[in-house]
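Each reported figure results from applying straightforward, stated rules to the coordinates on display, with no laboratory input. Values in this document were obtained by computation on a predicted structure and should not be read as measured data. Neighbour counts are summed over all protein chains in view; Cβ atoms, including those assigned to glycine, are modelled from backbone coordinates with ideal geometry.
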Amino acid sequence: PVPSSGRAIAATAERDIVVDSPLYTVRLTNRGARIVSWQLKRYRDDEGRPLQLVSDAGAKIGVLPLQLQLEDEDATRALRDGLYRVERAEHEEGGARITELTFTWSNGAGLGAIKTLRLADDSYLAHLTVTATRGGRPVDPAILWGAGFGSHNGLENGRFADAAMAVLNLGEKTEIRAASSIKTDAPWLQAGTIRWSGLADKYFAAVLIPPGPSAGEVRAVSHRLIEDGREHFFLSLGLQVPGVSRFDLFVGPKDYDLLKTAGLGLDRLLNFGFFGVVARPLFYALKFVERYVGNWGWAIIILTVFIRLLFFPITHRSQVNMKKMQEKMKRVQPKVKSMRERYRKLERKEVERGNVGARHKLRQKMNEEMMALYKEEGINPLGGMSGCLPLLLQMPILYAFYTILSIAIELRKAPFLLWIKDLSHKDPYYVTPIVMGVSMLAQQMMTSGSIADPAQRKMMYLMPVMFTYFFINLPSGLVLYWLVNNLLGIVQQHLINKQVAAEAEAA
């Protein structure tokens, strides 16, 4: 139904409407029939308050969730500022309390709108119906969410990853636009067959879902706001689907199991990345372990031990071979040094004679003699690099862990021990990354002690410094994984060194 064009329909005063449930508290205003606040009770912000998913900037900018937008600015303004008449109904359905709010407004001259929001107190999924008329004829307004998402703007506590982003799913393809990539004078426009679209951050989302893939258009706009002399930008996203008036509305956590169960394709909100084939089973393994130990930090440690044991046969064999090659290289190093010195003298004599072209032939002959020496001693020049294989094998796992810690809401604010209160955030005192760097340096010293080339040894010692720099601001859960992995590597390297030494002594 659409409001009659023959008479005006409006409330006499502005009022707030509150819907409270065990999962959320939603506050709406009848001015524009818009959402003023949407708090999640089971999730907390940095101050310990229920998490707010509606930005304070929205009211200052003049854009709030469920606002309607038409091509005509005056009509848009009238729909935004009108005092809607509110009807509220509640009933039980399937053991859950259902609250249905209907907002109606008309100016009596052909412009009007009706919005119905249906909320279940046991679900983050709501249902929205929107109809509008202009000039007495039905029109298809864009439905907005914004401006901004949540109480943050991406600058608090250095957690840039909390910044809002526009998300759009076109079936097999999911588009993501960070707030920083959308300029105030260049909105992001995308048309196509839309499955869902909305705003999200790292852990939460507000998404409008048409009833099945529908042809429509998305428009994401960056709004500029200056406060206390600082410039901030807040996204709003409008979804327009011609001929469609009914939508599902998901406002809640990006919990993979929850999104998958909804069966609306919302699980694509979570991007497991290039190594998703590794990240997904790793994620479920982590959840399985945590179910029994009750702590995500210990779950990471236990899973790290299991992964190390799983790769033990490969890593042990390759590292033993590397150690043996290093020992052989160390043993023949005096011969190699003597050979190089001999050919250096020959080169100098040829240069003094003016025979510059002989240098290339001498170096080629030296390389042939050196390869013959390696063959005689049973040395594979590339064998010393076989120890890099375990590191290469673990790179997908390392990246998968990083992805999980970046997107899994289960690890948001998950404490471990002592000062580590959030495994998804960096170590506030940088203790674990420094200890990780020291452990890696110790492992490198044990590994490279047999390397004869001083320059190569220095390069090996530089790696722990580089890793510490890379890990310093990464999630503490990821640092914990690499630290435990290093400690296990130190134990394994000690056993390898003893084994190689014993075999050499026996020989």
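Tabulated data for the structure shown
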| item | result |
| --- | --- |
| Cα gyration tensor shape of the chain, rounded if a/c is under 1.5, else prolate or oblate by comparing a/b with b/c | prolate |
| Sites A59 and A215, calculated FRET efficiency, Cβ-Cβ separation with R0 30 Å, nearest 0.05 | 0.35 |
| Dipole magnitude (debye, nearest 20) for the stretch 62-142, charges at Cβ of Lys, Arg, Asp, Glu | 220 |
| The chain: DSSP helices with Cα axial extent of at least 15 Å and average Kyte-Doolittle hydropathy no lower than 1.6 | 296-310, 388-407 |
| Per-pair calculated FRET efficiency, R0 = 25 Å: R42 and A96 via Cβ, rounded to 0.05 | 0.95 |
| Simple label model, 7 Å out from Cα along Cβ direction - H360 to A442, nm | 5.2 |
| Label-point separation, T174 to N295 (7 Å along Cα→Cβ), nm | 3.2 |
| Peptide ranges 234-246, 301-313, 421-433 listed from the most packed, as the mean C-beta count within 10 angstrom indicates | 234-246, 421-433, 301-313 |
| Average Cα contact separation per residue, the stretch 178-326, under 8 Å, 6 or more apart, as relative contact order % | 17 |
| Shape of the stretch 12-76, Cα gyration tensor, a/c cut at 1.5 | prolate |
| Calculated FRET efficiency for the pair Y399/A89, C-beta based, R₀ 51 Å, to 0.05 | 0.50 |
| GluC sites (Glu not before Pro) within the stretch 156-229, DSSP loop, no more than 13 other Cβ atoms inside 10 Å | E172 |
| Inter-label distance, nm, simple model (7 Å from Cα along the C-beta direction), F312/R7 | 8.2 |
| Difference of contour (0.36 nm per residue) and Cα-Cα distance, R77 to Q190 | 38.3 nm |
| Over 19 Å between alpha carbons, listed pairs K183/K426; K345/K365; K254/K413; K115/K173; K202/K426; K335/K375 | K183/K426; K115/K173 |
